[in-house]
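Encoded as structure tokens, the structure appears first; notes follow it.
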Amino acid sequence: MSLRAWVSGVCVMALMLAAPAAAARGQQVLVMGDSLSAAYGLRPEQGWVALAEAKSARYDFHNASISGETSAGGRSRIAAELARTKPDIVVIELGANDGLRGLPLTQLGSNLGWMIGASKAAGARVLLVGLQLPPNFGRYATDFQRSYALIAQRLDAGLVPHFLAPLGTQRKWFQADNLHPVAAAQPLLADQMLRALDALPAR
């Protein structure tokens with residue numbers, strides 16, 4: 001075999017080996033969340049983000065969630081995360097800490113809207129994750145939850161209406177603080193999020 005034929009054969013084989021790897025590459029998903037997505041009180045591999053990645057070959061997750069994060073914090077960080085991960089999809093799960101502090105909903109809407117706009121400008125689709133507050137927050141809790149649907153509708157983003165809906169109000173699904181889901185609840189959240197990602201319209 002001539003040297004030229006040998007080199008040609010090696011190149012063809014390299015391309016054949018690289019092709020499956022390229023085909024197997026999942027869509028890049030950036031998760032900007034708070035403790036609910038940061039596996040608070042659990043090992044990282046027990047959280048819904050890690051479980052969703054393990055369940056589906058379609059998506060590669062980059063979890064930029066931070067416990068205690070607010071919508072303002074997410075807004076301040078998202079540009080750097082977009083540049084770092086170059087995502088196809090951005091999941092925004094923020095606002096619970098704003099709500100628990102009773103911050104103005106106009107401020108929440110402005111921050112989430114800015115993050116959605118920045119994500120779209122970077123070429124990513126967006127999945128906004130709605131959250132709920134305890135009923136003792138009264139009218140504020142009602143308006144808080146509705147704000148996610150309004151933002152998603154106005155800015156043409158995908159929406160998970162209520163992140164913790166699969167858990168209902170059963171105490172067994174929550175840690176001692178009655179706010180953060182236990183490890184056994186995380187697969188339910190992962191399944192919900194994967195369904196929502198699959199349902200996002202193509203660009």
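Values computed for the structure shown
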| read-out | value |
| --- | --- |
| Helix 139-155 axis, angle to the chain major axis (alpha carbon atoms, nearest 10°) | 30 |
| Rounded tilt (10° steps) of 3-24 against the dominant C-alpha axis of the chain | 20 |
| Neighbour-count ranking [beta-carbon atoms within 10 angstrom, fewest first] of Lys172, Lys120 | Lys172, Lys120 |
| Set of lysines with alpha-carbon distance to Lys172 below 22 Å, sequence-local pairs under 8 removed | none |
| Within the chain, percent of DSSP bridges classed antiparallel, to nearest 5 | 5 |
| Helix 105-121 vs. the chain, principal-axis angle (Cα, 0 to 90°, nearest 10) | 10 |
| Amide H contacts under 5 Å for Ser35, placed H, 5+ residues apart | Gly68, Glu69 |
| MRE, 222 nm, helices only [DSSP H, n ≥ 4, -39500 (n - 2.57), over the chain, to nearest 500] | -15500 deg cm²/dmol |
| Distance between modelled label sites at Arg146 and Lys55, nm, 7 Å Cα→Cβ extension | 3.2 |
| Simple spin-label estimate for Ala165 and Thr106 in nanometres, 7 Å along Cα-Cβ | 3.0 |
| Using θ = phi - 60° and Karplus 6.51 cos²θ - 1.76 cosθ + 1.60, couplings along segment 89-94 (whole Hz; Gly, Pro as x) | 9, 10, 9, 10, 10, 9 |
| Gyration tensor (alpha-carbon) shape descriptor, segment 133-203, a/c threshold 1.5 | oblate |
| FRET efficiency estimate (nearest 0.05) - Cβ-Cβ, Ala121 to Glu45, R0 25 angstrom | 0.15 |
| Mean separation of Cα contacts under 8 Å, 6 or more apart, over the residue count of the chain: relative contact order % | 20 |
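Laboratory data are not the source of any read-out in this text; all were calculated from the coordinates shown. Computed from a prediction, not measured in an experiment: that's the story for all the values here. We place every Cβ from the backbone using ideal geometry, glycine too, and count neighbours over all the protein chains shown.
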